[in-house]
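In what follows, a structure is listed as structure tokens, so that the remarks can point back to it.
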Amino acid sequence: MSRFEIQQGRGLIRFIHFFNYPKNISIEDGEKWYFSQHVPEAKQLPGLVRFRSWRGLPPIKMWTYDSYDRFMRVSELAFENAELCLKATIHNPGLWGSATGNNSGFNELECVMVNEEPQFDLLKDVPVQQFKYLHLPPKYTGDEPDYDESDDTFLDIYMFNYRVSNADGEDWYLGHHTREGRITKQLGRRHYQTWKTLTVPEEQNSPLKPNRFYRLTELGLPDWQRGIRRPGGNPRSFVSFTRSPLGEVINEWRNILIDPDQVQDLMP
């Protein structure tokens, strides 16, 4: 039985997608197209119960695999069940196609499908991969990161897959990366949740490839306007968090920064 078939009965399915607009179209024209044409059509999709969107924030001074300003927006459509989600997305290519010629539309669009509830709330849960490493100390070294003890003010949302096997990748990510105390405690004070994406049947003519990324994570961070100053000021001082005895673990990675309070509820 596939992973999709096992999990599809667990309630709402979230279709999360990062996107930008073609370079030959202004941001204003892209936003006008999105809110005047795409959104009204999407709101009519059967089984849609929630439709929200966030504009991406400016980049911060923190190293990552991909630029933080690659995407203009992240939007979330939540459906009653997996069947209706698939009909609205994979089986509805016309709604999600790329722009052609001088017409407005999507340029890059990366997406995943996940269950409503996270697989792990990493501020409370202990993934099974961590138990065999609990006797080992975290590998983080250096002074405390320099920022105020305040609530999270923005989220880093990222989707990724592994360069190594999924089993080895999960052993590193859930067993090591998420347990290293200061990353969990300091960088994710209020929000640190992760989902294993749902594997779904894809269609060759569909522009959507939701099986491309294996995992989605939402990490709360402090004041984005101040940035994050790492010990020693080295922009790659957290690079050890992306390594394992197997070498580089992460393959493809896409991310966006948002202020969770700056949400546009498109189904008020």
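Quick notes on this structure:
- Checked against the criteria, ARG163 counts as at pLDDT 90 or above and over 24 Å from GLU116 (Cα atoms).
- Being modelled with pLDDT under 95 and in a loop (DSSP other than H, G, I, E, B) holds for only one residue in GLY30, GLY9, and it is GLY9.
- Subset of segment 68-81 (residues that are crowded, with 17+ Cβ neighbours inside 10 Å and modelled with pLDDT of 95 or more): PHE71, MET72, ARG73, VAL74, SER75, GLU76, LEU77, ALA78, PHE79
- When the residues of segment 166-192 are filtered to those that are closer than 26 Å to HIS17 by Cβ and in contact with a Phe, Trp or Tyr (Cβ under 7 Å, 6 or more places away or on another chain), the one that is modelled with the highest pLDDT is ASN166.
- Sole residue being within 16 Å of HIS17 (Cβ to Cβ), surrounded by fewer than 19 Cβ atoms within 10 Å (Cβ to Cβ) and among the small types (Gly, Ala, Ser), chosen from ALA99, ALA88: ALA99
- Test: residue in segment 129-143 that is in contact with a helix residue (DSSP H, G or I) (Cβ under 8 Å, 6 or more places away or on another chain), at pLDDT 85 or above and either part of a loop (DSSP other than H, G, I, E, B) or within 27 Å of PRO210 (Cα to Cα) (or both): yes
The values are calculated or read from the model by the stated rules, or taken from the named source; none is laboratory data. Computed from a prediction, not measured in an experiment: that's the story for all the values here. So basically every Cβ, Gly included, is an ideal-geometry build from the backbone, and we count neighbours across all protein chains shown.
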